[in-house]
Every structure is written in C-alpha cells, then in structure tokens.
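The values are calculated or read from the model by the stated rules, or taken from the named source; none is laboratory data. Only a predicted model underlies this, so the values are computations on that prediction, with no experimental measurement involved. Neighbour counts are summed over all protein chains in view; Cβ atoms, including those assigned to glycine, are modelled from backbone coordinates with ideal geometry. Heavy atoms of the whole protein, side chains included, go into the accessibility calculation; ligands, DNA and RNA do not. Shrake-Rupley method; radii C 1.70, N 1.55, O 1.52, S 1.80 Å.
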Amino acid sequence: MGKDSKMYKQAKVFSFHPTGEYYFTKGLKAYHRRDLYNAKKFLIRAFELEPTEPMIACQLAVTCTEIGEYSYSNILLENILADMDPFMTECHYFLANNYAHLGMFKEAYRHASAYLDKEEDGEFSEDAEDLLDLITFESGETEESLIHQDGLIYQQEKARECLEAGNFEEAVEVLKETIKEYAEYWSAYNNLALAYFYLGETDKAFETLEEVLEKSPGNLHALCNLLVFYHYQQSEDKIHALVMTLEKVRPILTEHRIKLGSTFALIGRYSLAYTWLKHLQKQGHEGDDTFYYWLAVSAYQLGHERTAEKAWKRVLELNPDKEGFEPWGDMNDSLNGFEDHLPSILKRFESDYLEERIFALFLTKHSIKKDHILKHPALCNNPLLTDLEKEYMEYVERQKLNQENSAIEFADRTAEILYAHFHPIQLMEAGLYLTWFSVFVEAMKSEIKLVNPTGWAAAVEYSWYRLRNEKKSQQEIAAKHLISVSTLGKYVKLVNSLLQ
C-alpha cells in the first residue's frame, strides 16, 4: 500500500482528441514531477473534455489516491468498471488499495480477490496477494466481523463529511442510526452531540455528552467537546474548571493528543495547544491539514512565526482551498465562513433535506466563488432540485425573478436580514440559517401567508437563542430589529409551532 507501489507506474499517454490529449499530457508531466495538485487540475480538465475515456479517469483516480482523496478515487474507479471499460481489471486492484487505506477491509478483500480471479498472472498480482495477506493480518477478523466493521466505517465517514460540510440535520440522522446499531461506539455519540449543538439544540447536545461520560467515564473526546460548548456559551467558570482538569491529562494515543491540542487551540489556550501539537510534530507525526492548521494558529499566536509559516505551507499542500485563510491574514477574519468554502457548499447540494439545499444556494449568493458554483455539475445536474430551488438558483444568478411576491424571494429577504447581523457564516451561525429555512419549508407546507420578513427574522433569532439556552429577552431582540414586542411575540408563536 506504499506510495512506491507499481500502482503508480502504470499510466501511459494514449492518443485522444487534441484538447483532451493536451491536458492529459500536462497532467502526466505534473504527476511524474510529483506536483500532484497541478496534476489533478490538468487531469480534471482532460476528463471534462473526454468524460468517456477510461485512461484519463484512471490516471485521475491514481492521482487522487496519492493526495489521500480515496473516496473520490473510488467513485472514478467504480464508474470505469460500471460504465466505461469493465475489462480494465487493474481498477479492482486500485480499489482494493483505496479501501484498505480507508480501513474498509471487506471491500478491499473483495476487490483484491476480484483482480486475482481475472488476472492471476497480471501486473499487480504479487501486490494483490501481498495486500490480501496484509488485510488479514491487520484486521485479525473473520469475514463476518469485517462486514460489521465495514458498515461502521462507512457510516462514520458519511457522518464526518456531513459535519465538515455543515449538513447537521443529515449528520444527526446518520449518527442516530449508527448508535442504534453500535450502542457503545462513543465516537458516534460525541459527533451527535456536536451536530445537536451546532443546530442550536443544546439540551440534546449536553444530554448526549452526559450519557457518554456516564457510560464511559473520562472519555477524552466528550470532555473536549464539553469544553468547546462552554467556550461558545462563554461560561468562563466552567471553562476554567475543565481546562484545569484537562491540562493534567497525559494521553498515550496520538489521536487523543491531537484532540487535546486542537481543542486548546480552538478555545484560545495557545500555549497548551502548542505544547501538544509541536511535540507530536517533533516525534515525526505527519498529520492532516486540520492538525497543521491548529499548529499554525497556536504557533503564530505565541510568536513562533517560522513554525507557523512552515505549518501553513503544509496546510496548503494538503488542502489548497485554505489559501488566503492564514491566521495572520486579513481574509482570515472577514471571509473564513461557509460562504467561501467550496467543498461545504457543494456537499450541501447532495443533502436529502430541502432546507439544506436552499441554504447552499443562499451561501452561493454570498460566495466569492458564485460563478464557479452556478456552473458546477453538483448544482446544474442535480436531480434533487425542486422547482422552488431552480427558481432560487435563477434569482441568485440574475438577482431577478419572473414573478412578483415569490415565496423564495421572501425566504431570501428574511435570510438577508439575519445576514446583516450574523456573518461570516461559521458553524454556530449555520444553525441559525438552517432554523430559518426549516421554518420556511414548514410554513410552505402549512400554506401560511408569508408577510413581514423582519418579524420572521427576529422571531427565528429569538427562538434560536432559546434553543441554545442563551438569555435574550424579547425586548432586546425587538429593539434590535426595530419592531414592537407584540409583533415579535406573534411571530415567535408561529415559529415555535412550525419547529415542533
């Protein structure tokens, strides 16, 4: 499974139509220079021009594997076998390699076996046999238990993607299902608590963590999440007490050390964060972009500028979308929100929830990448989009609708009132907008006449604060939005009825 595997030596230049061939050749040259992100960029362009050419798709998949984008690589490889060239048997070996990296050993075993069945003396046969031995050794499980583990890892990966993209409602559904099947899988409980918290359902979030700590006392991830919740609620006494507890902890597992360091960085305890993260780096830990992000942040805040710059360089190597969001840059304060995080917006368009997709369109409207998103297949070729969303997409693109007094225009105007007070849209703020768009969807179903966007915006904000157990009076919210308390109270009743 190493990066020097024969797997990466197999791509060759074939004759395609000139434009596709041109970008494919540039992609291969970049790949052989180990300039993997540029290789991916050129190969994606070649694939756009030659979408039925399996060799381009395969080389793109191999490049994505090296970058660590195993899931996307698998999509490409599965597509080759299903639609382009079912006789391109090496794809089975590449899939086996990817699934092994993801820890999905049953799928890895199945594809490695499929390759050997079809290519007993093939180019990768020895590698496939070694991979089978490695899978058996590393898993140490029966086939039945491998199936069990595969399902868990798949659900865990899906939940993680939902959380990173801000699809909190979908994450809740996936995690609740995971807990139902795996009652003592504490990671699912901890992530469920995060999803509840960012949706504004703080009571459920704290109850979930209490359940973890009751059944698994001292669970470090639960304690760290609890600290994050207190930080967002600005509960200084509780923060201080929990920090005093956690700074005495000396975890053995690398995963726990990273969690501790990144949590300290998130709440602004940079010295504690730097101690853990820098120590891990000195020990040779090669982390993901999130690890290097928090290392860069804590190093910069403590004046270790050289370490911060080196860490940030690694962030950009692992995640080029972070360019412009360095801890010392102006953009970090003004633009570091979901509006300009392309993967999050595109992921939301895959959601089964209408309110998530409408929210994605609202983010698109405010994104510096709006033109790119509006042309992206995730939006243009999305079978989930309703007529309402298509109407909103047209409005986002042209800032004009074909009909007056449109419901979606009302939804947008209300969201804009909230946006004047809550931007950029980060994890916490995302819960507010999802609350509004959920209320809007329910109001549409109930055929409630939509008037007075300010009243609705103020009521949603008040209800959101209440869900978060943050003390805000109706007088305070009404004054903020320049409406009467009686008007606010009227709309609060409507919002609460729709949220039940």
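Of all aspartates and glutamates in the structure, the ones whose alpha carbon falls short of 18 Å from that of K29, not counting any fewer than 8 places away in one chain, are D4, E21, E66. Working ranking of peptides 434-445, 76-87 by packing, defined as the average number of other Cβ atoms within 10 Å per residue, highest first, is 434-445, 76-87.
In this structure, the pairs whose alpha-carbon distance is over 22 Å, taken from K41/K259; K176/K204; K310/K369; K322/K365, are K41/K259; K310/K369.
Label zone of T290 (point 7 Å out along Cα→Cβ, amide N under 16 Å): in segment 171-209 this covers 171-172, 175, 186-198. Distance from the Cα centroid of segment 271-303 to that of segment 37-59 is 35 Å (rounded to whole angstrom).
Building the convex hull from the alpha-carbon atoms of the chain and averaging its projection over directions returns 26.3 nm². If one computes the Cα centroid of segment 207-245 and of segment 440-500, what distance in Å separates the two points? The two parts, judged by their Cα centres, are 31 Å apart.
Rounded to the nearest 0.05, what FRET efficiency do E173 and S271 have when you use their Cβ-Cβ distance and R0 = 41 Å? It comes out at approximately 0.55. So what is log10(I(q)/I(0)) for segment 361-445 at q = 0.22 1/Å, when the Debye sum runs over its Cα atoms only? Those come out to -1.27, one per q. Kirkwood's formula applied to the C-alpha pairs of segment 250-332 gives a hydrodynamic radius of 12.5 angstrom. Modelled label positions at K215 and I368, each set 7 Å beyond Cα in the direction of Cβ, lie 4.4 nm from each other.
Ordering 267-277, 482-492, 162-172, 413-423 by mean Cβ neighbour count within 10 Å, with the highest value first, yields 162-172, 267-277, 413-423, 482-492. In the structure shown, the pairs K278/K313; K40/K390; K248/K313; K347/K390 are assessed against 20 Å; a Cα-Cα span above that value is assigned to K40/K390; K248/K313. With the Cα gyration tensor of segment 387-498 giving a ≥ b ≥ c as the square roots of its eigenvalues, does the rule (a/c under 1.5 for rounded; else a/b larger than b/c for prolate; else oblate) give rounded, prolate or oblate? Prolate, since a/c reaches 1.5 and a/b exceeds b/c. Using a 1.4 angstrom probe on heavy atoms only, work out the carbon and sulfur share of the accessible area of segment 250-332 in %. Heavy-atom surface of segment 250-332 belonging to carbon and sulfur, 1.4 Å probe: 47 percent.
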